[in-house]
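Taking it in order: structure first as structure tokens, then the write-up.
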Amino acid sequence: MKAVTIVSFGGVEGLETREVADAPRATLDRVRVRVRAAGLNRADILQRLGRYPAPKGYPQDIPGIEFAGEVAEVGDEVRRWKVGDRVFGIIGGGGQAQYVTVHESALAPIPPNLDWAEAAAVPEVFMTAHDALFTQCGVQMGERVLIHAAGSGVGTAAIQLVRAAGAFAYGTSRTVDKLEKSKEFGLTESFVAIGDPMEFVAAVKRWTMDAGVDVILDLVGAAYLKANLAALATKGRLIFVGTTSGSRAEIDFSIAMSKRLRIMGTALRTRSLEEKATATRLFAEQVVPLLASGAVRPVVDKVFQMEEVSAAHQRIESNESFGKVVLMID
């Protein structure tokens with residue numbers, strides 16, 4: 001089968017589309033999927049650079065943590081799926097290939113209103129946002145949620161899910177244009193974060209009449225920690241999803257203690273099969289119906305062919321993308 005392959009760590013010149021060993025046959029409770037499209041993520045960039053290896057048991061030289069395709073083969077114990085079903089899901093690695101073989105619990109049904117590119121733009125960002133906001137932070141109707149990097153894939157998914165839950169989404173970004181585009185997805189207020197991070201705290205207090213926000217979804221990391229603590233309301237929740245500004249920062253415990261804050265981190269890639277199965281089931285039950293009805297929708301920035309993977313990486317690294325970059329798998 002063909003697959004995007006990392007032939008050397010470093011720049012995009014280390015990426016090639018090659019013939020590789022085929023994905024395993026589907027046995028027992030496994031499903032073999034013919035991949036039609038795969039979303040591209042920051043994790044793929046980091047893996048290419050040699051900074052984010054795939055978990056044990058997944059190919060180290062084939063990136064890809066999400067995919068959309070059709071069931072090609074099922075094991076004897078599979079009960080949820082049949083050949084021809086359109087499915088999408090997340091995987092520890094190897095998703096940017098013509099075939100993947102996964103446990104049946106790792107898959108969710110693709111709504112009929114989504115094409116392959118749209119479907120591939122869904123699993124990682126919507127599952128991450130849903131798990132972080134609702135499973136981990138327990139966002140409730142009427143609460144106020146601040147989303148950093150609002151124009152990213154996870155950011156645009158989070159904005160829509162917050163709105164669908166009857167809560168209020170606020171956002172930051174370093175780009176005015178991305179914040180303007182985010183408004184059509186339900187962003188209530190926004191702030192251009194290009195200076196001292198403490199500046200967005202003043203905006204939060206203005207938006208919330210000094211109360212602060214109930215939840216912060218942080219894809220930025222270290223640089224925003226102090227400001228995040230200041231922006232949270234009493235009993236607020238802060239969840240780390242990304243570390244683009246670094247992963248180490250000092251914390252003032254007195255603020256966390258006096259406000260009785262909850263500080264959490266999350267990652268889907270390194271979870272156990274059981275944990276991933278739970279996240280996938282909740283996504284299928286609570287998010288897929290929203291996608292099917294059009295209440296939320298995937299945000300596709302640009303679509304590339306498999307052989308254009310280098311250009312796709314460059315698109316993400318330019319920081320100009322809004323929403324998801326997708327690879328079509330020939």
All conditions in (1) assigned to a strand (DSSP E or B); (2) under 12 Å from the mean Cα position of the chain (by Cα); (3) not aliphatic (A, V, I, L, M) are true of Thr128 except (1)
Scan of segment 97-112 for residues that are of a type outside the set (Ser, Thr, Tyr) and out of contact with any strand residue (DSSP E or B) (no Cβ under 7 Å at 6 or more places or on another chain), ordered by number: Pro111, Pro112
Could you please find all residues in segment 313-330 being of a type in the set (A, V, I, L, M, F, W, C) and in a strand (DSSP E or B)? Val325, Val326, Leu327, Met328
Taking segment 287-330 and keeping only residues that are of a type in the set (Ser, Thr, Tyr) and either at positive phi or outside the structural domain of Glu13 (by TED's automatic domain parsing) (or both), one is left with none
Taking the options Gly153, Gly171, name whichever one is crowded, with 24+ Cβ neighbours inside 10 Å, under 17 Å from Val299 (Cα atoms) and modelled with pLDDT of 95 or more. Gly171
Test of understanding: among Leu217, Leu225, which residue is surrounded by fewer than 23 Cβ atoms within 10 Å (Cβ to Cβ) and out of contact with any Lys or Arg (no Cβ under 9 Å at 6 or more places or on another chain)? Leu225
Go through (1) in contact with a strand residue (DSSP E or B) (Cβ under 6 Å, 6 or more places away or on another chain); (2) in contact (Cβ under 8 Å) with a residue 60 or more places away in the chain; (3) not in a helix (DSSP H, G or I) for Gly138 and report which single condition fails. (1)
Being of a type in the set (Ser, Thr, Tyr), outside the structural domain of Ile91 (by TED's automatic domain parsing) and in contact with a Lys or Arg (Cβ under 9 Å, 6 or more places away or on another chain) is the requirement here; does Tyr170 meet it? yes
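One line per residue, one yes/no per condition, for (1) within 13 Å of Val201 (Cβ to Cβ); (2) modelled with pLDDT of 90 or more; (3) crowded, with 17+ Cβ neighbours inside 10 Å:
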| position | (1), (2), (3) |
| --- | --- |
| Leu229 | yes, yes, yes |
| Lys235 | no, yes, no |
| Gly246 | no, no, no |
| Ile251 | no, yes, no |
| Arg260 | no, yes, no |
Scan segment 25-52 for residues that are loosely packed, with under 13 Cβ neighbours inside 10 Å and either assigned to a helix (DSSP H, G or I) or modelled with pLDDT of 95 or more (or both) and report the count. 2
Under the condition of being part of a helix (DSSP H, G or I) and touching a His at 6+ places or on another chain (Cβ under 7 Å), which residue from segment 283-304 is farthest from Ala117 (Cα to Cα)? Gln286
Could you check segment 274-311 and list, in sequence order, the residues that are closer than 30 Å to Gln136 by Cβ and in contact with a Leu (Cβ under 6 Å, 6 or more places away or on another chain)? Val296
Here are the criteria: (1) in a loop (DSSP other than H, G, I, E, B); (2) under 30 Å from Gly95 (Cα atoms). Tell me which single one Thr280 does not satisfy. (1)
Output the number of the condition that Ala277 fails; it satisfies all remaining conditions of (1) out of contact with any helix residue (DSSP H, G or I) (no Cβ under 6 Å at 6 or more places or on another chain); (2) more than 19 Å from Ala169 (Cα to Cα). (1)
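The values are calculated or read from the model by the stated rules, or taken from the named source; none is laboratory data. Predicted model, so just to flag it, every value in this text is computed and none were measured. Cβ atoms come from the backbone with ideal geometry, glycine included; neighbour counts cover every protein chain shown.
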